[in-house]
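What follows is a short report on a single structure.
The values are calculated or read from the model by the stated rules, or taken from the named source; none is laboratory data. On a predicted model such as this, the values are computed, not experimentally measured, just so you know. Virtual Cβ from ideal backbone geometry, glycine too; neighbours counted across all protein chains shown. SASA here: full protein model, heavy atoms, side chains in, ligands and nucleic acids out. Shrake-Rupley method; radii C 1.70, N 1.55, O 1.52, S 1.80 Å.
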Amino acid sequence: FQDPFPGKSDNQVGHFTTAVDMGFRPSQAFSLVPKFIRDQATDGSPFPPDETICVRLIVGHEQVPDDATLAFARQAASPSNGEIVDFFRASDLVTAGTNQALGPTRLALSRIEIGKGQGNSFQDLQLSLFGFKFGKMIRTGTLTTRPQ
């Protein structure tokens, strides 16, 4: 893969494929998250609980360093409800077209706070957004063929 974010992301494939899986089968990630985290993290969300958990983990992964104490739980709890809404709004901008402009999604994600620790980057958040939407489009049948 060509590195669209040189020096910012060192695991592009991992971010993208994990997000694709979360978009394609959010219930899988949802089932792996402890119930007390699921209940707290989805409370009041207008989005499906399984997708909300996935988005919380995606956004929180870019807010709380990977090496932080109790990183997983803190990552799930970190994003505000507004940041979750911002991610879903950015997701609405991603289409099945062959050319995806980074600008509109960058702007839509810009209100989400990004941490400064190990593994935190805006570039990875944007890459995960595209992966999550790609998986969701396959799951929902809005992407069924490869564009020519």
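At a glance:
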{"quantity": "Candidates Asp43, Asp39, Asp66 - the one that is over 14 Å from the mean Cα position of the chain (by Cα), within 20 Å of Gly14 (Cα to Cα), acidic (Asp, Glu) and at pLDDT below 90", "calculated": "Asp66"}
{"quantity": "Members of the range 86-105 found to be free of Cβ contacts under 8 Å to residues at least 24 places away in the same chain and part of a helix (DSSP H, G or I), listed by number", "calculated": "Arg89, Asp92, Gly103, Pro104"}
{"quantity": "Scope the range 18-61; condition part of a helix (DSSP H, G or I), among the aliphatic types (A, V, I, L, M) and within 26 Å of Lys116 (Cα to Cα); matching residues", "calculated": "Ala19, Val20, Met22, Ala29, Ile37, Ala41, Ile53, Val55, Leu57, Ile58, Val59"}
{"quantity": "Residues of the range 89-133 classified as in contact with a Ser or Thr (Cβ under 7 Å, 6 or more places away or on another chain) and open to solvent by 70 Å² or more (accessible area, probe 1.4 Å), total", "calculated": "1"}
{"quantity": "Residue within the range 106-113 that is more than 25 Å from Gly44 (Cβ to Cβ) and outside any loop (DSSP other than H, G, I, E, B) present", "calculated": "yes"}
{"quantity": "Qualifying positions in the range 134-144 - open to solvent by 30 Å² or more (accessible area, probe 1.4 Å) and in contact (Cβ under 8 Å) with a residue 60 or more places away in the chain", "calculated": "Phe134, Lys136, Ile138, Arg139"}
{"quantity": "Test result for Pro65, more than 16 Å from Asn120 (Cα to Cα), out of contact with any Ser or Thr (no Cβ under 7 Å at 6 or more places or on another chain) and not in a helix (DSSP H, G or I)", "calculated": "no"}
{"quantity": "Residue among Asp39, Asp67, Asp50 that is open to solvent by 20 Å² or more (accessible area, probe 1.4 Å) and either touching a residue at least 60 places away in the same chain (Cβ under 8 Å) or closer than 17 Å to Phe134 by Cα (or both)", "calculated": "Asp50"}
{"quantity": "Residue list for the range 114-127, restricted to those being touching a Phe, Trp or Tyr at 6+ places or on another chain (Cβ under 7 Å) and part of a helix (DSSP H, G or I)", "calculated": "Gln123, Leu127"}
{"quantity": "Single condition Val33 does not satisfy, out of (1) modelled with pLDDT under 90; (2) open to solvent by 10 Å² or more (accessible area, probe 1.4 Å)", "calculated": "(2)"}
